[in-house]
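All remarks here apply to the structure that follows.
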Amino acid sequence: MFTLSNCLILAAALFSIGVYGVVARRNILIMLMSVELMLNAANLALVSFGRYYWPRGDHAGQVFVMLAIAVAAAEAAVGLAILLAYFRNRESADSGAMGLLKG
Amino acid sequence: MTIVDILFLLAAIASVVGAVQVVSQRNPVYSALGLIASLVSMAIIFLLLHAPFLAVIQVAVYAGAIVVLFLFVIMLLNLKPEDLGKDPDPPVRRRVALGSLALFILLGINLARAGLGAQPFAEEQVDPTYGSTAAVGEALMTGYVLPFEVTSILVIVAIVGAVVMAKRKL
Amino acid sequence: MRAADPLALLLPWIALFPLLTAAVNGFGGKRIGREVAGWIACAGVFSSFVLGLRCCFGLLELPAGPERVLKDVIGTWISAGDLHVTLSFVFDPLSAVMVLVVTGVGFLIHVYSIGYMEHDEDVQRYFAYLNLFTFAMLVLVLAGNLPMMFIGWEGVGLCSYLLIGFWFTDPKNATAGRKAFLVNRVGDFGFLIGMFLVFTTLHTLDFAEIASSQFLRLAAPTTLTIATLCLFLGATGKSAQIPLFVWLPDAMAGPTPVSALIHAATMVTAGVYMICRMSALFVAAPLTLSIVAGVGAITALGAGLIALTQNDIKRVLAYSTISQLGYMFLAAGAQAFDAATFHLFTHAFFKALLFLGAGAVIHDLAGEQDVRRMGGLKRWLPTTYITFLIAAAAIAGIPPLAGFFSKDEILWRVLENFLQGHGVYWLGLWLIGIAVAALTAGYMFRLVALVFFGSFRGAPEALLKPAEKSAPMMKVLVALAGLTAVVGFFGVPEALGGSYRWGGFLQPVWARGNEVQLPLAHGHWAEVLHTALVLGISGLVAWRTLDLFKSWPVHLPSWLLEDPVFPAIRRRAEVAFGVDEAFRRWIVEPLYAGAARLWQVFDVGVIDKAVNGTADSVGRLAGWARGMQTGTVNLYAVVMTVGVILLLLSFTLI
């Protein structure tokens, strides 16, 4: 049950759910959270592979994930900061209304 | 069916349920809670994969800091229902769900084709030092010190950026 | 490998001196100034004349016969496989005649131009072009092989274009120049094809080698006929015969000295010269020679009729030139190459004189060219009148002036062809020749009467002006008149007591070929009778015409007016028998229409469409692509996802 394939399938499932969240929802916050979900799925895949290839590989899988988490944190911070700035101007968190880049 | 298998199964289910919660709730707070559930289950799986340090980091940073940041912002924005934006109509949502399903199936097929490890993880080979804090720390400071340093610069940039962006008056 | 005889080293310089002065005038004209330009140009031509004279005397020192030739090769031009073309200059009796005519008459015309063009702004350019022309003509005449002759051939065509359209600010002049060039081009095409055919059959392009080539006998007569016909096409273009004569009347738009030099004395004779130069080749194609004679005769007749109806003084002379050239071709066709050359020689003098006289009249009447507005000018322009009259008498064949001997010689030789049994065709041509002689006297003296006799019909203000103003011009007219009177005596036939030195001098040129027919010893009494006949006809016509056209309006004799055919012929002749019109309708307009269609269909429809269409479609594509930038973040996410799915699909399927 606890095989590499199953781990990867789990990661794939989480990723797909995250994709749905990003595409189908118009609330920015939820979209951001779905992105975090996708990142998380990728992390899982990485760790699984790292474990699978031990002792032939090294700790690369876990190190990668560590740094990925750091990056995810940075990205979340900046994204939310942007959202804050936008919200102060527009009073809305609706991604459909964010059409300023249209054309 | 060892204990590891059962634990894995339970954690996996919890993770998926949490993820679905994230994408389906109207209230962002509920989504955040779902996210926490998913992340904590993920941490458990990390433990099973001999990555204790990572599990702790996941809980502390991901679930603990990032999601909390989300909650702070939600509170700060004080969103009213009208601000939340109208989600697309059910027909559209169904189409997107089908798309996600297609994505999942495609990924699955490719994974199956790759023929990777249908065997359970071999426990005997694992060194107790694998995944330990000391081991990860050593790897981080020796072999992977460059990515480490670059990531720290990235974090600094993000901090500065976030501070500048969120100021009330520039 | 330069020439054996040191004198021959002078040959290239005969051609090069005018080129140098042309360069001086052409490039340094602004600095030199208007007065000096003319004298520099004259110096260039005069130097060539002196050199030519020196070489001529050098030639006479050589023993008579085929050895009488100077040759200089200054380098190889083309060397490709079998084809070896050198830059070779050849000076034999024929060249001597041509060089002396070109440089001698050319020099006189240059001097005349100094007077004629003194009020013009652009004289340096004029003299540069005139010298350039002289250079090209000399290259043509001195060339030792066909390609080199072609250089000169094209060169004179170019200079003709430049000089006809000299006053190019008037579009009529530019058009006339263009017409001359294009019609000439058609002839050049013929020349080229002929040249190629000559090379394929005779494997050489050098004149001496062609003349002595054994392939002349071995080659298929059809090929030779076609080759020579093509060359003759080139000659018709250059020498304004049917069908390519239409440019010459229009070419009168250029300055009159240009008309005198290029379109009377020199360039138009290039065709005749070419045929004489390649006499051995043409003799090997007797059918072509018959055609040449026939075309020459018909052209002479037609042009003579047209000349009778024209009212522009220069156009009458233009058609007269065409007619006289017809005579030359008639002679060449009858294998009387020496007679053709003789007429070329005498014609240069009296035709130049006629044109320069006409130019003097035009100059002194401040630009008037219509004879209906002239008349009685002998009172005010005495020198012009006398010299013009001398030239008219010469062309009409009045002895002892030059034209009498040359024209008489041609007609007698044509008749001789018939008498020798070559067929009644030649009798017909002879009859045409006699008719043309009458016509020549007719139109010439009509011109003389209308311009110089009777009372002045021009605008009254013009009456104040006519006076002979320009000394250089008058001096040249007198000189030419003197020459016209004298040069005939080179060719007095034995029947009339002369020794026909002309024929003797040129004999070796024809005899270098193997099969040139040499004339019979002249049968004396027959020829004397013939001469008397021709003289009688010309004289009678001249006298009656002079009488007729003295009064204005002209009262034509009743027998002529009642003749049913006369009005029809006259009407047709007035419009040059519709040849120009036919060219315009059947060739020029279809070409324009075709070009317009082609432009519409291809240039606009295909090329422009492709270019604009590309720009257009890029625009449209960009417009469509712009639709993707909706600004909605969700859409971007969708697009990304779809992309990922497609990528995965590709991995799955491949």
Quiz item: Roughly how many nanometres apart are two label points built 7 Å out from the Cα toward the Cβ at C:Glu209 and C:Asp122?
Solution: 4.3 nm
Exercise. Could you work out the relative contact order of the stretch B:1-86, using alpha carbon pairs under 8 angstrom and six or more residues apart, expressed as a whole percent?
Key: 25 percent
Quiz item: How much mean residue ellipticity at 222 nm does chain C get from its helices, if each DSSP H run of length 4 or more adds -39500 (n - 2.57) and you divide by all residues, to the nearest 500 deg cm²/dmol?
Solution: -23000 deg cm²/dmol
Quiz item: Counting only residues 5 or more places away or on other chains, whose amide H sits under 5 Å from the amide H of C:Leu70 once H atoms are built in the peptide plane?
Solution: C:Phe91, C:Asp92
Exercise. Take the alpha-carbon positions of the stretch C:579-653, form their convex hull, and give its projected area averaged over all directions (one quarter of the hull surface) in nm².
Key: 8.9 nm²
Quiz item: In nanometres, what is the gap between the two model label sites at C:Leu646 and B:Ala118, each 7 Å from Cα along Cα-to-Cβ?
Solution: 3.4 nm
Exercise. Find, among the trypsin sites (Lys or Arg not before Pro) in the stretch A:1-83, those assigned to loop by DSSP (not H, G, I, E, B) with at most 13 other beta-carbon atoms within 10 angstrom.
Key: A:Arg56
Exercise. Determine by what factor the alpha-carbon radius of gyration of the stretch B:1-86 differs from 2.2 N^0.38 Å, reporting the quotient.
Key: 1.26
Quiz item: Sorted by average packing, counted as other Cβ atoms within 10 angstrom per residue and highest first, what order do C:309-320, B:157-168, C:620-631, C:247-258 take?
Solution: C:247-258, C:309-320, B:157-168, C:620-631
Exercise. May I ask you to derive the relative contact order of the stretch C:335-425, considering only C-alpha pairs under 8 Å and at least 6 residues apart, and to give it as an integer percent?
Key: 34 percent
Quiz item: Assuming R0 = 60 Å, what is the FRET efficiency of C:Val50 and C:Phe602, from their Cβ-Cβ distance, to the nearest 0.05?
Solution: 0.55
Quiz item: Let a ≥ b ≥ c be the square roots of the eigenvalues of the Cα gyration tensor of chain B; is it rounded (a/c under 1.5), or, if not, prolate (a/b larger than b/c) or oblate?
Solution: oblate
Exercise. Sum up the charges of everything whose Cβ sits under 13 Å from the Cβ of C:Leu59, counting Lys and Arg as +1 and Asp and Glu as -1, but leave C:Leu59 out.
Key: -1
Quiz item: Around C:Leu87, which amide H atoms from residues at least 5 apart in sequence, or from another chain, sit under 5 Å from its own amide H, with H modelled in the peptide plane?
Solution: C:Ile74, C:Gly75, C:Thr76, C:Trp77
Quiz item: Counting only other chains, what is the mean number of Cβ atoms within 10 angstrom of the Cβ of each residue in peptide B:134-145?
Solution: 3
Exercise. Go through the stretch C:283-299 residue by residue and turn each phi into a ³J(HN,Hα) via Karplus (6.51, -1.76, 1.60, θ = phi - 60°); whole Hz please, and just put x for glycine and proline.
Key: 5, 6, 10, x, 4, 4, 4, 4, 5, 4, 4, x, 4, x, 5, 4, 4
Practice problem: Throw me the Rg/Rh for the protein assembly as shown, computed over C-alpha atoms with Kirkwood Rh, two decimals. | Solution: 1.44
Quiz prompt | Square roots of 5 times each gyration tensor eigenvalue, C-alpha, the stretch C:287-512, largest first, Å | solution = 34, 19, 12
Practice problem: Would you mind giving the three semi-axes, in whole Å and largest first, of the ellipsoid equivalent to the stretch C:1-147 according to its Cα gyration tensor? | Solution: 31, 18, 11
Quiz prompt | Peptide-level mean, for B:152-160, of C-beta atoms on other protein chains within 10 Å | solution = 3
Self-check item: Geometric extent, Cα atoms of the stretch C:196-264 - Rg, Dmax (angstrom)
Solution: 16.7, 49
Quiz item: How are the Cα pair distances of the stretch A:4-92 distributed, in percent, across 5 Å bins from 0?
Solution: 3, 14, 18, 19, 17, 11, 8, 5, 3, 1, 1
Quiz item: How many times 2.2 N^0.38 Å is the alpha carbon radius of gyration of chain C?
Solution: 1.17
Exercise. Can you run the Rg to Rh ratio on the stretch C:564-608? Use alpha carbon positions and the Kirkwood inverse-distance Rh.
Key: 1.42
Practice problem: Compare the peptides C:533-546, C:130-143, C:73-86 by average per-residue count of other Cβ atoms within 10 angstrom and give them in order, highest first. | Solution: C:130-143, C:533-546, C:73-86
Quiz item: On full extension of the chain, what length is gained from C:Ala80 through C:Arg620, given 0.36 nm per residue of separation minus the C-alpha to C-alpha distance?
Solution: 188.8 nm
Quiz item: Taking GluC sites (Glu not before Pro) that fall in a DSSP loop and have at most 15 other Cβ atoms within 10 Å as cut points, what is the longest piece of chain C between them?
Solution: C:122-514
Quiz item: Going by average Cβ neighbours within 10 Å, how do the peptides B:141-153, C:288-300, C:19-31, C:636-648 rank, with the highest at the top?
Solution: C:288-300, C:19-31, C:636-648, B:141-153
Quiz item: What percent does the relative contact order of chain C come to when contacts are Cα pairs within less than 8 Å and at least six residues apart?
Solution: 12 percent
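A short reminder: the numbers here are calculations on the coordinates, not readings from a lab. All values derive from a computational prediction rather than experimental measurement. All Cβ positions, glycine included, derive from the backbone under ideal geometry; neighbour counts span all protein chains shown.
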